[in-house]
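Below you'll find the structure, written out as structure tokens, and then a few comments.
The values are calculated or read from the model by the stated rules, or taken from the named source; none is laboratory data. Since we're looking at a predicted model, the values are computed, not measured. No Cβ is skipped: glycine too gets one built from the backbone with ideal geometry, and neighbour counts run over all protein chains shown.
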Amino acid sequence: MKTIKEIKDSLSWEQSQDSRANVCISYLGHKTKPNLINETHIEDLTAHLKKRGIKGSTINRYLASVSKILKYAYIRPSVYNMARLPHIAWQEESKARLRFMTPEEEQRMIKILGKSPYLSLFLFLLDTGVRLGEALSFKKDAIQRLDGKFFIVLHADETKNNMTRSVPLTRRCVAMLKKSGDFSHLDYSMAERVWQKLRRNMGLDGDKQFVIHCLRHTCASRLAQSGKVELHFIKEWLGHKSYNMTLRYAHLMPKNLLKAVNILEGYE
């Protein structure tokens with residue numbers, strides 16, 4: 001029977017997921033067997049994360065890594081003999097306003113970072129909406145072409161939701177990738193440090209929502225605000241498992257509603 005550490009090492013993880021899983025395993029114990037973990041362990045882990053100042057939505061990402069390990073064991077009853085999965089009390093997530101990067105902020109970022117290789121990475125995140133870990137994971141051979149347009153294929157072991165998906169590339173992305181090939185030579189932690197310095201230089205140090213992930217929100221918001229891309233296409237583009245995640249951008253699509261009113265006016 002594998003320990004939770006051994007199960008974790010046998011599974012595919014996106015880089016940030018892997019880091020969160022390691023934190024949870026360190027607390028629960030590297031040699032702990034999955035069938036010994038119960039609700040008390042989960043509650044203690046949650047309390048530990050809260051003491052570290054981690055918010056509800058991020059705590060859920062940590063708990064999701066534990067859930068993935070436990071589910072692996074649960075569906076193998078002859079090996080792990082787990083009668084049931086322990087209940088995980090998911091934390092309430094903040095409904096704070098989604099932070100988007102404005103065109104003006106984008107130009108300031110370009111000016112401040114100049115020739116930094118991390119500028120290309122951030123612009124790639126802005127134009128594709130992929131997660132940081134996904135951008136750092138794909139290789140040059142994932143770039144493909146169809147009908148004159150380029151896209152990348154993110155394989156299941158490179159995505160947060162373990163689902164393969166294709167992401168279209170803008171001309172700007174294609175030009176950047178022709179120079180760099182991919183971003184696998186860049187570092188996740190360094191990207192976060194570069195972003196923190198950028199935020200200070202932009203005078204946004206107090207804006208705690210101005211994080212790298214806001215580039216993903218910006219891509220989605222630009223698609224939604226165009227009025228030309230339906231929500232189900234945005235869901236597929238971003239790789240959301242839940243439609244509720246994509247619905248956060250629905251309020252940015254007033255053009256679609258204004259077009260719909262023409263149907264009703266036809267009955268007048």
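Here are some notes:
- Test result for residue 159, within 15 Å of residue 213 (Cα to Cα) and either assigned by TED's automatic domain parsing to the domain that holds residue 21 or of a type outside the set (D, E, K, R) (or both): yes
For every residue, the table says whether it meets (1) assigned to a loop (DSSP other than H, G, I, E, B); (2) out of contact with any helix residue (DSSP H, G or I) (no Cβ under 9 Å at 6 or more places or on another chain); (3) not hydrophobic (A, V, I, L, M, F, W, C).
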site	(1), (2), (3)
167	no, no, no
182	yes, no, yes
186	yes, no, no
190	no, no, no
195	no, no, no
212	yes, no, no
216	no, no, yes
224	no, no, no
250	no, no, no
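- Subset of the range 110-163 [basic (Lys, Arg) and assigned to a strand (DSSP E or B)]: 145, 149
- Condition check for residue 164 on (1) among the hydroxyl-bearing types (Ser, Thr, Tyr); (2) surrounded by fewer than 16 Cβ atoms within 10 Å (Cβ to Cβ); (3) under 25 Å from residue 99 (Cα atoms): one failure, at (3).
- The range 15-56: number of residues that are surrounded by 19 or more Cβ atoms within 10 Å (Cβ to Cβ), of a type in the set (A, V, I, L, M, F, W, C) and more than 16 Å from residue 90 (Cβ to Cβ): 4
- Of the residues screened, residue 174 is one that is assigned to a helix (DSSP H, G or I), in contact with a strand residue (DSSP E or B) (Cβ under 9 Å, 6 or more places away or on another chain), at negative phi and in the same structural domain as residue 116 (by TED's automatic domain parsing).
- Note on the range 99-109: residues that are in a helix (DSSP H, G or I) and either of a type in the set (Gly, Ala, Ser) or under 16 Å from residue 170 (Cβ atoms) (or both) total 2.
- Odd one out for residue 253 among (1) surrounded by 15 or more Cβ atoms within 10 Å (Cβ to Cβ); (2) touching a Leu at 6+ places or on another chain (Cβ under 7 Å); (3) at pLDDT below 85; (4) not charged (D, E, K, R): (2)
- Checking residue 178 against (1) at pLDDT 90 or above; (2) closer than 24 Å to residue 211 by Cα, the condition it does not meet: (2)
- Residue satisfying all of: in the range 128-160; of a type in the set (S, T, N, Q) and surrounded by 13 or more Cβ atoms within 10 Å (Cβ to Cβ); modelled with the highest pLDDT among these: 128
- Failed condition for residue 105, given (1) of a type outside the set (Ser, Thr, Tyr); (2) buried (at least 18 other Cβ atoms within 10 Å of the Cβ); (3) under 26 Å from residue 252 (Cα atoms): (2)
Residue-wise test of (1) within 24 Å of residue 156 (Cβ to Cβ); (2) in contact (Cβ under 8 Å) with a residue 40 or more places away in the chain.
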residue: 1; (1), (2): no, yes
residue: 6; (1), (2): yes, no
residue: 22; (1), (2): yes, no
residue: 39; (1), (2): no, yes
residue: 45; (1), (2): no, no
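- Residue in the range 79-96 that is of a type in the set (D, E, K, R) and surrounded by 14 or more Cβ atoms within 10 Å (Cβ to Cβ) present: no
- Residue, farthest from residue 136 (Cα to Cα), within the range 9-20, restricted to residues that are out of contact with any Phe, Trp or Tyr (no Cβ under 9 Å at 6 or more places or on another chain) and in a helix (DSSP H, G or I): 9
- Failed item, numbered, when residue 90 is tested on (1) touching a Gly at 6+ places or on another chain (Cβ under 9 Å); (2) of a type in the set (A, V, I, L, M, F, W, C); (3) free of Cβ contacts under 8 Å to residues at least 24 places away in the same chain: (3)
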